[in-house]
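A.B. asks: There's a structure below that I have some questions on.
The values are calculated or read from the model by the stated rules, or taken from the named source; none is laboratory data. These figures come from a predicted structure and were not determined experimentally. Here the Cβ positions follow ideal geometry from the backbone for every residue, glycine too, while neighbour counts run over all protein chains shown.
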């Protein structure tokens with residue numbers, strides 16, 4: 001009898017730079033699901049990879065003096081190194097620069113064009129460079145971009161468009177009849193109410209303003225724009241052929257059972273991607289899960305501050321399985337999780353070193369001390385034993401249910417509930433007291449057998465989440481890993497088995513002060529490296545830069561200038577504006593007051609990067625609403641010829657509220 005298939009994918013990582021721990025969380029999450037599905041008897045195919053085209057990569061490569069391909073080769077190698085470091089069991093690592101992928105993207109583009117789903121037209125209107133958006137006169141707010149409030153200029157650009165509205169009703173019906181398609185439910189409601197029901201605009205699927213992309217083979221001025229290129233990896237990676245000669249792997253695995261992605265790209269995977277598939281005549285993926293984000297504890301993560309957390313640095317401090325445990329356990333189902341050095345140490349000491357590590361060590365040590373390492377079931381039972389057995393037998397089913405619902409953190413909690421019950425069982429039975437009474441040796445042997453059997457069940461369940469730790473525990477117990485079916489029986493550990501005579505410390509307790517001191521040195525080194533990189537870039541720019549000329553504005557008098565009030569502000573909170581893809585809403589502390597300021601800089605800064613920055617603020621700008629959100633000022637930015645923005649920040653340390661004059 002053949003196994004049922006299960007095809008799981010992650011989003012492909014953007015090859016612009018080294019992934020931080022928040023990026024790494026996704027591959028570890030996907031790996032835990034893939035491993036558990038294998039335990040459930042599925043034939044799993046697990047795909048991940050890198051997204052390697054686009055203007056940002058072209059610009060980064062140019063700044064580094066290398067070709068875009070050289071840049072993505074380096075970054076893709078680094079991403080794969082980290083995925084491997086984290087012991088992830090992917091079956092395919094696709095790169096969008098793979099020749100077979102590029103060929104199929106060109107075929108797909110041409111097919112959709114020939115069947116009338118893609119058409120050639122142009123953007124024309126009032127163009128906002130930072131937002132890369134065209135607007136009509138009626139859409140402007142006070143004559144400026146409705147998203148970011150900046151100047152717009154007449155412009156026109158040729159492009160190919162996909163007719164999204166053609167498939168919108170069909171997609172709405174699919175979502176309504178397949179409630180499991182978008183998870184969590186909050187993401188589904190957001191897609192329906194904010195995008196589908198108000199009506200879809202046609203989607204730009206080609207660009208002419210940069211060259212680093214897959215060429216449209218019948219119109220070489222154009223390259224395929226990011227989403228049609230990146231999203232199709234899920235089918236090209238398993239052998240889809242647009243001409244009808246798809247591989248057996250594709251025939252077996254499509255449709256995908258699960259696309260695991262970050263919540264920030266849910267729209268592209270639940271609207272654009274299904275519509276592309278409909279146009280190709282392919283079935284839709286069974287489920288798209290938009291997981292929450294893993295955020296730095298203080299909300300601030302930037303290279304310049306030297307406090308970006310990377311998986312390999314955390315592994316150096318705590319080990320692979322401790323980092324896997326942390327990122328999986330600390331992420332709620334549909335809310336953002338938090339990571340910090342202090343929290344890592346707390347979990348290391350309480351959950352891993354104490355609850356788990358100490359349990360295994362004590363059990364093996366007592367077996368060696370009292371019975372020469374031999375575990376024997378003497379069959380002398382008491383009522384308290386039945387309580388432990390009931391927990392041990394119930395846990396596998398509970399874990400399976402949580403994993404079927406993608407509640408991975410809750411699944412791990414169930415396993416640790418068993419380990420905690422084992423520790424309580426030790427306190428209840430007091431083996432050290434039983435050892436003092438010769439008449440109770442059989443009872444003592446039974447207690448240690450029950451502990452060993454329960455730990456073996458828990459360690460087997462732990463394999464999907466902490467594979468190395470699971471193997472180490474079972475090796476020390478001289479036990480085989482149990483299948484889920486075998487976990488329905490208590491007592492499979494063979495009586496008379498000898499455990500190791502030298503129990504290994506699974507997790508060493510950490511001193512939080514020492515960890516923070518080491519972390520501070522690490523961050524100082526990161527900040528120095530970032531400063532050196534920035535200095536090198538600035539030196540090169542100074543040699544090559546010819547400057548930028550912009551259209552001059554009307555002269556003003558000093559009296560006009562004096563009407564403007566500029567001050568230093570500190571951003572204390574920031575979030576994306578829900579109804580806009582361009583806007584961030586910041587709470588800015590200026591002296592003793594806090595102003596809410598909306599800025600069109602989402603493409604250039606994440607909310608986490610914004611928090612903690614000291615910025616230059618135009619304070620007395622008349623309040624206005626952008627995308628329905630009140631803005632009480634303006635953050636000052638510099639803009640280059642490519643529309644890249646940089647917040648203006650004080651060169652020296654300045655207090656919030658300091659006047660800029």
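A.B. asks: Based on what the data block shows, is residue 175 assigned to a helix (DSSP H, G or I) and within 27 Å of the chain's Cα centre (by Cα)?
C.D. replies: Numbers: assigned to a helix (DSSP H, G or I): yes; within 27 Å of the chain's Cα centre (by Cα): yes.
Considered against the rule, which asks whether it is assigned to a helix (DSSP H, G or I) and within 27 Å of the chain's Cα centre (by Cα), residue 175 comes out as yes.
A.B. asks: Inside segment 40-152, counting only strands (runs of 3 or more DSSP E) that do not spill past its ends, which hold 1 or more residues that are at pLDDT below 95? Walk me through how you get there before you give the answer.
C.D. replies: Details: elements: 43-51, 92-95, 118-128, 133-135.
Counting at least 1 such residues, we get 118-128, 133-135.
A.B. asks: Residue check, residue 515 against (1) touching a helix residue (DSSP H, G or I) at 6+ places or on another chain (Cβ under 6 Å); (2) closer than 25 Å to residue 366 by Cβ; (3) not in a loop (DSSP other than H, G, I, E, B), all met but one. Which one?
C.D. replies: (2)
A.B. asks: Quick check on residue 167: is it at pLDDT 95 or above, within 19 Å of residue 227 (Cα to Cα), in contact with a helix residue (DSSP H, G or I) (Cβ under 9 Å, 6 or more places away or on another chain) and not in a helix (DSSP H, G or I)?
C.D. replies: On the way: at pLDDT 95 or above: yes; within 19 Å of residue 227 (Cα to Cα): yes; in contact with a helix residue (DSSP H, G or I) (Cβ under 9 Å, 6 or more places away or on another chain): yes; not in a helix (DSSP H, G or I): no.
Answer is no for this residue.
A.B. asks: In addition: For segment 611-632, give me the residue count where each residue is part of a loop (DSSP other than H, G, I, E, B), without any contact (Cβ under 8 Å) to a residue 60 or more places away in the chain and within 33 Å of the chain's Cα centre (by Cα).
C.D. replies: Applying the first criterion (part of a loop (DSSP other than H, G, I, E, B)) to segment 611-632 yields 611-613, 619-623, 627-628, 632.
Those left that are additionally without any contact (Cβ under 8 Å) to a residue 60 or more places away in the chain: 613, 619-623, 628, 632.
Narrowing the set further to residues that are within 33 Å of the chain's Cα centre (by Cα) leaves 613, 628, 632.
So the count comes out to 3.
A.B. asks: Between residues in segment 516-531 that are at pLDDT 85 or above and residues that are in a helix (DSSP H, G or I), which pairs lie under 8 Å by C-beta distance while being six or more apart or on different chains?
C.D. replies: 516/341; 516/342; 518/317; 519/317; 519/341; 522/313
A.B. asks: Checking the structure you have, find out if any residue of segment 588-596 is loosely packed, with under 14 Cβ neighbours inside 10 Å, in contact (Cβ under 8 Å) with a residue 40 or more places away in the chain, over 32 Å from the mean Cα position of the chain (by Cα) and in a strand (DSSP E or B). Break it down into steps so the answer makes sense when it comes.
C.D. replies: First pass over segment 588-596, keeping only residues loosely packed, with under 14 Cβ neighbours inside 10 Å: 592-593.
Checking the rest, the ones that are also in contact (Cβ under 8 Å) with a residue 40 or more places away in the chain come to 592.
Cutting the leftovers down to over 32 Å from the mean Cα position of the chain (by Cα) gives us 592.
Adding the requirement that they be in a strand (DSSP E or B) leaves none.
No, that holds for no residue.
A.B. asks: Which of the residues that make up segment 1-20 are farther than 14 Å from residue 84 by Cα, outside any strand (DSSP E or B) and touching a strand residue (DSSP E or B) at 6+ places or on another chain (Cβ under 8 Å)?
C.D. replies: 2, 3, 4, 11, 12, 15
A.B. asks: Go through segment 237-274 residue by residue and tally those that are in a helix (DSSP H, G or I), touching a residue at least 24 places away in the same chain (Cβ under 8 Å) and over 30 Å from residue 605 (Cα atoms). I'd like the intermediate steps shown before the answer.
C.D. replies: Kept after step one, since they are in a helix (DSSP H, G or I), are these residues of segment 237-274: 248-253, 263-274.
From what is left, the residues that are touching a residue at least 24 places away in the same chain (Cβ under 8 Å) are 249, 252-253, 263-274.
Now restrict to residues that are over 30 Å from residue 605 (Cα atoms): 249, 252-253.
The total comes to 3.
A.B. asks: Here is a follow-up. Which one is surrounded by the fewest Cβ atoms within 10 Å (Cβ to Cβ), of the residues in segment 263-284 that are out of contact with any helix residue (DSSP H, G or I) (no Cβ under 8 Å at 6 or more places or on another chain) and modelled with pLDDT under 95?
C.D. replies: 264
Residue by residue, here is whether (1) under 30 Å from residue 514 (Cβ atoms); (2) buried (at least 21 other Cβ atoms within 10 Å of the Cβ) holds:
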site	(1), (2)
346	yes, no
374	no, no
394	no, no
418	no, yes
423	yes, no
435	no, no
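A.B. asks: Could we say that residue 407 is surrounded by fewer than 21 Cβ atoms within 10 Å (Cβ to Cβ), touching a helix residue (DSSP H, G or I) at 6+ places or on another chain (Cβ under 9 Å) and farther than 29 Å from residue 85 by Cβ here? Spell out how you get there, then give the answer.
C.D. replies: On the way: surrounded by fewer than 21 Cβ atoms within 10 Å (Cβ to Cβ): yes; touching a helix residue (DSSP H, G or I) at 6+ places or on another chain (Cβ under 9 Å): yes; farther than 29 Å from residue 85 by Cβ: no.
Against the criterion (surrounded by fewer than 21 Cβ atoms within 10 Å (Cβ to Cβ), touching a helix residue (DSSP H, G or I) at 6+ places or on another chain (Cβ under 9 Å) and farther than 29 Å from residue 85 by Cβ), residue 407 does not qualify.
A.B. asks: Of everything in segment 201-236 that's crowded, with 20+ Cβ neighbours inside 10 Å and assigned to a loop (DSSP other than H, G, I, E, B), which residue is modelled with the lowest pLDDT?
C.D. replies: Only one residue tops the list, namely 225.
A.B. asks: While we're on this one: Residue by residue through segment 560-581, note down the ones that are buried (at least 18 other Cβ atoms within 10 Å of the Cβ), modelled with pLDDT of 85 or more and under 30 Å from the mean Cα position of the chain (by Cα).
C.D. replies: 570, 571, 574, 577
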